[in-house]
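Chemist: Mind having a look at this structure? Questions to follow.
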Amino acid sequence: MAELGDWVRVDPYAARPLFDQLRMQIIGGIRDGELTPGTRLPTVRELAGQVNLAVNTVARAYRELEAAGILETRGRFGTFVARADPADAAMATAANTYVSAARALGVDKGDALRYVEMAFG
């Protein structure tokens with residue numbers, strides 16, 4: 001497996017803040033299987049050096065990912081990819097709530113999916 005710093009790329013000229021670019025790339029790496037559950041991530045300082053970012057930028061991305069349950073910090077042992085993707089449970093709950101609402105309103109699957117597509121724009 002390649003090191004995180006080998007495939008993370010941030011664009012200082014992009015509209016999206018650097019910490020958010022990093023956060024989204026880590027999430028993408030997890031979803032793509034590049035970062036598997038239990039993978040130890042570089043320290044904040046190590047990753048900042050690898051991708052040429054400020055330490056505070058990397059720390060903010062890690063903090064937000066930890067708050068979302070995507071990463072977990074194990075004290076001095078480091079930061080790791082969480083064992084389960086919290087988006088799975090959250091999205092399953094949201095999907096079930098949406099389907100229940102659609103059924104209660106008499107909306108069929110095709111129409112319900114169109115509403116979702118419209119919401120994504």
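The values are calculated or read from the model by the stated rules, or taken from the named source; none is laboratory data. Worth saying up front: this structure is predicted, and the values here are computed from it rather than measured. Here the Cβ positions follow ideal geometry from the backbone for every residue, glycine too, while neighbour counts run over all protein chains shown. Quick note on the areas: whole protein, heavy atoms, side chains included, nothing else; ligands and nucleic acids left out. Shrake-Rupley method; radii C 1.70, N 1.55, O 1.52, S 1.80 Å.
Chemist: Between Ala54, Ala92, Ala82, where does the largest GNM mean-square fluctuation fall for the chain, given springs only between Cα atoms within less than 10 Å?
Modeler: Of the options given, Ala92 has the highest mean-square fluctuation.
Chemist: In addition: Hand me the trypsin sites (Lys or Arg not before Pro) from region 1-76 located in a DSSP loop with no more than 11 other Cβ atoms within 10 Å, in residue order please.
Modeler: Hits after loop and neighbour filter: Arg9, Arg74.
Chemist: Rounded to two decimals, what is the ratio between the C-alpha radius of gyration of the chain and 2.2 N^0.38 Å?
Modeler: 1.31
Chemist: Quick query: amide H of Ile70 versus all other amide H atoms, modeled in the peptide plane; which residues come in under 5 Å with a sequence gap of 5 or more or a different chain?
Modeler: none
Chemist: How much length is gained if the chain between Leu113 and Ala67 is pulled fully straight, taking 0.36 nm per residue apart and subtracting their Cα-Cα distance, in nm to one decimal?
Modeler: Net length gain for the segment: 13.6 nm.
Chemist: Now for a different question. Along the charge dipole of the chain, which of Val116, Gln50, Trp7 sits closest to the positive end, that is, farthest toward it, with unit charges on the beta carbon of Lys, Arg, Asp and Glu (+1, +1, -1, -1)?
Modeler: The Cα lying farthest towards the positive end belongs to Gln50.
Chemist: Within region 18-81, what whole-number % of the accessible surface is contributed by carbon and sulfur, with the 1.4 Å probe and all protein chains included in the calculation?
Modeler: Ligands and nucleic acids excluded, carbon and sulfur give 50 percent.
Chemist: For the chain, set up a GNM with springs between Cα atoms under 10 Å and report which of Gly78, Gly69, Gly110 has the largest fluctuation.
Modeler: Gly110
Chemist: Run lengths n ≥ 4 of DSSP H only: what is the helix-derived mean residue ellipticity at 222 nm for the chain, with -39500 (n - 2.57) per run over all residues, to the nearest 500?
Modeler: -18000 deg cm²/dmol
Chemist: Next question, about the same structure. Taking N as the number of residues in region 18-81, what is its alpha-carbon radius of gyration divided by 2.2 N^0.38 Å?
Modeler: Expressed relative to 2.2 N^0.38 Å, the Cα Rg reads 1.00.
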